[in-house]
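Report on the structure given below.
The values are calculated or read from the model by the stated rules, or taken from the named source; none is laboratory data. Note that the coordinates shown come from a computational prediction; the quantities given were computed from them, not determined experimentally. Here the Cβ positions follow ideal geometry from the backbone for every residue, glycine too, while neighbour counts run over all protein chains shown.
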Amino acid sequence: MNTISTAILPSQISAANDARTKVMDSSERDFAGTLGDISCPSPRMQCRGVDVWYADKQAINNVSLDIGRNEVVAMIGPSGCGKSTFLRCLNRMNDSIPIARVTGSITIDGQEILAKHIDVVPLRARVGMVFQKPNPFPKSIYENIAYGPRIHGLTSSRAELDELVETSLRKAGLWEEVKDRLDQPGTGLSGGQQQRLCIARTIAVSPEVILMDEPCSALDPIATAKVEELIDELRANYSIAIVTHSMQQAARVSQRTAYFHLGDLIEVGTTEQIFNQPQHRLTEDYITGRFG
């Protein structure tokens with residue numbers, strides 16, 4: 001995991017948390033384009049000029065960003081800044097909101113995913129999602145993992161399915177804890193185990209990208225540490241984009257960090273640079289808790 005040389009004090013985090021509740025009007029926007037390099041050497045996904053509207057209200061304004069192979073990109077910023085809205089664009093989860101409209105270009109391995117003919121079911125297998133609150137299916141632990149591969153026809157026999165379930169649980173660091181109770185409900189696991197079960201369920205359909213929307217916000221510190229270790233291990237095989245309100249978490253798990261503010265992508269860079277030498281005043285103010 002990453003080590004950021006400049007420690008973030010608890011008092012700074014507390015101040016930043018308080019700052020999130022402050023409502024900023026358009027006159028406070030100090031933005032003339034994203035600072036830093038939006039691109040990366042080996043992009044898995046490329047987003048260019050993405051705008052998101054909810055009815056007549058614009059939530060995302062002209063955001064461009066690459067999601068690289070075998071890297072974790074952390075998206076940080078105050079509540080309501082658009083980071084989760086942008087994350088949901090990456091597998092078209094916003095399609096489920098009737099008043100939402102997304103424009104611009106988002107590609108995965110060069111394929112445009114916003115095109116009308118794109119089937120979102122296979123897309124969401126390629127770009128999986130782990131939500132803020134663990135949401136295991138009301139099924140057994142085994143069936144939670146087996147459901148996706150069955151739907152997508154990824155296995156041809158029970159033996160193959162058994163192997164895939166075990167492999168997915170091992171990758172999620174959960175196999176040793178549940179191997180003797182696979183027939184028991186997934187909802188009976190602890191919160192941290194449920195979140196790792198959901199990660200295993202995502203892995204089971206062989207995604208290329210894993211999206212995580214505040215995956216540790218409902219977990220205790222011990223469970224959080226296990227999920228963070230898992231994220232670091234998964235990076236070897238997947239591209240990961242994570243939204244987090246914890247700046248320490250962003251510093252620990254990510255290689256690149258993107259700072260959002262009022263629907264704009266203000267700055268993007270290596271995590272070390274963003275936390276130690278931010279270029280934009282708004283980024284520095286958020287990192288240190290000095291909004292105003």
Seminar exercise, completed: Note: among D183, D109, D119, just one is of a type in the set (D, E, K, R) and more than 29 Å from C89 (Cα to Cα), namely D183
Exercise. Looking at segment 80-112, which of its residues are part of a loop (DSSP other than H, G, I, E, B) and buried (at least 21 other Cβ atoms within 10 Å of the Cβ)?
Worked result: C81, G82, L90, N91
Exercise. Does A236 satisfy the criteria of being of a type in the set (G, A, S) and in a helix (DSSP H, G or I)?
Worked result: no
For this session: Identify, from the list R290, R252, the residue that is more than 18 Å from I38 (Cβ to Cβ) and in a loop (DSSP other than H, G, I, E, B).
Result: R290
Problem set entry | Given (1) surrounded by 15 or more Cβ atoms within 10 Å (Cβ to Cβ); (2) touching a residue at least 40 places away in the same chain (Cβ under 8 Å), number of the condition R124 does not satisfy | (2)
Exercise. Out of all the residues in segment 104-124, is one or more modelled with pLDDT of 95 or more, of a type in the set (D, E) and under 15 Å from the mean Cα position of the chain (by Cα)?
Worked result: no
Exercise. Hey, among D66, D37, which residue is touching a residue at least 12 places away in the same chain (Cβ under 8 Å), under 30 Å from T288 (Cα atoms) and in a loop (DSSP other than H, G, I, E, B)?
Worked result: D37
Exercise. What are the pairs, 6+ residues apart or on separate chains, where a residue within segment 80-100 that is on the phi > 0 side of the Ramachandran plot has its Cβ under 6 Å from a residue that is part of a helix (DSSP H, G or I)?
Worked result: R92/V120
